[in-house]
Amino acid sequence: MQNVDPYDALIPVFLETEVPRRLQQVGTAVFVEYQGEPFLYTAAHVTDGLAHGELLIPTSKGLSIIDGYLAYISLPSEIPRSGDVIDIAYYRLSSVFATELCNHFQPLPHSRCDLVTTAEDLTVCSAAGYPTSKGKKGGDGSLSSEIFSFRGVVAGEGIYSGLSLSPEQNIVIHFSKKRAVDRQSGKLYPTPGLKGISGGGIFAWPKGEELSEDWSLPKLVGVVHSFKEREGLIIGTTLLPLIAAIQVGRMKEFGGIR
């Protein structure tokens, strides 16, 4: 197993708009190398921001507009994105842009990803990304953010049925902010809000290592898209729909991106 820290593959995503003139953090993306090509995995509702402005991420040149082929699942006009239970998008990055990203980040090799056929095979997962509440703006106008992960037990079949979700395509994790504890002290821990981790990674811990702090162990198994705070549920999508979408994009030669 390649010793790559998954945190190095998580990237904050910012939206820059002209009206109103604003730059704000809106989500997270996962930098992945798949079959020798560079990709960003994220949530479709994050890339929906392109209807209002430009999406930017940190590179060696500062915050830069994402350069690559974008693909996402379109919905019928009568269905809002909030009703999308898959909610995935990806960029096939240009090689030059991917190189510029590597100044701050490191792509997660596909060997550190797991195409689970059902979430019922998982026990404990961590959802990781950049909460917007951790974002800061410096006096010089610079922006910074901080990564955070939320760990919980994967839900049982009854939860999926109640939400009209499929464990073959979705991953649901129990996580209550009110009952979150520090694993070392065992005391209640005030976690940040989960807004902003949409598009971040869901990492599965191996059986027997559910409480481990060794981040060389978990594999990427999905992408986060929502949090039901009242029910205490983090929801995401497995990698299978993303890989299927990438195969379609490959048939289109990713719009000529190299």
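The values are calculated or read from the model by the stated rules, or taken from the named source; none is laboratory data. Owing to the predicted nature of the structure, the values given are computational and were not obtained by experimental measurement. Cβ atoms come from the backbone with ideal geometry, glycine included; neighbour counts cover every protein chain shown.
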Exercise for review: Looking for whichever is of a type in the set (A, V, I, L, M, F, W, C) and more than 14 Å from the chain's Cα centre (by Cα) here; the options are Val26, Val30, Val85, Val46. Which one fits?
Suggested key: Val85
**Study point:** Scope the stretch 61-79; condition of a type in the set (Asp, Glu) and either touching a Ser or Thr at 6+ places or on another chain (Cβ under 9 Å) or on the phi > 0 side of the Ramachandran plot (or both); matching residues
**Key:** Asp67
Revision key, fill the gap. When every residue in the stretch 48-93 that is surrounded by fewer than 18 Cβ atoms within 10 Å (Cβ to Cβ) and among the small types (Gly, Ala, Ser) is compared, the one nearest to Lys137 (Cα to Cα) is Gly62
Point to revise | Only one of Val13, Val30, Val4 that is in a loop (DSSP other than H, G, I, E, B) and either free of Cβ contacts under 8 Å to residues at least 40 places away in the same chain or among the β-branched types (Val, Ile, Thr) (or both) | key: Val4
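Of the residues Glu146, Glu100, only one is touching a helix residue (DSSP H, G or I) at 6+ places or on another chain (Cβ under 6 Å) and either crowded, with 19+ Cβ neighbours inside 10 Å or under 25 Å from Leu23 (Cβ atoms) (or both); which?
On inspection, the qualifying residue turns out to be Glu146.
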Practice item. Consider only pairs whose beta carbons are under 6 Å apart and that are at least six residues apart or on different chains; among these, list those whose first residue lies in the stretch 185-206 and is within 12 Å of Ser126 (Cβ to Cβ) and whose second residue is basic (Lys, Arg) and assigned to a loop (DSSP other than H, G, I, E, B). Key: none
Point to revise | Residue within the stretch 111-130 that is without any contact (Cβ under 8 Å) to a residue 60 or more places away in the chain, closer than 25 Å to Ile234 by Cβ and within 15 Å of the chain's Cα centre (by Cα) present | key: no
Review point. Can you pull out the residues in the stretch 38-56 that are touching a residue at least 60 places away in the same chain (Cβ under 8 Å) and in a strand (DSSP E or B)?
Key: Pro38, Phe39, Tyr41, Thr42
Point to revise | Meets criteria (over 18 Å from the mean Cα position of the chain (by Cα) and assigned to a loop (DSSP other than H, G, I, E, B)) for Leu75 | key: yes
Point to revise | Residues of the stretch 149-161 satisfying the condition of being of a type outside the set (Gly, Ala, Ser), more than 27 Å from Phe14 (Cβ to Cβ) and either surrounded by 14 or more Cβ atoms within 10 Å (Cβ to Cβ) or modelled with pLDDT of 95 or more (or both) | key: Val153, Val154, Ile159, Tyr160
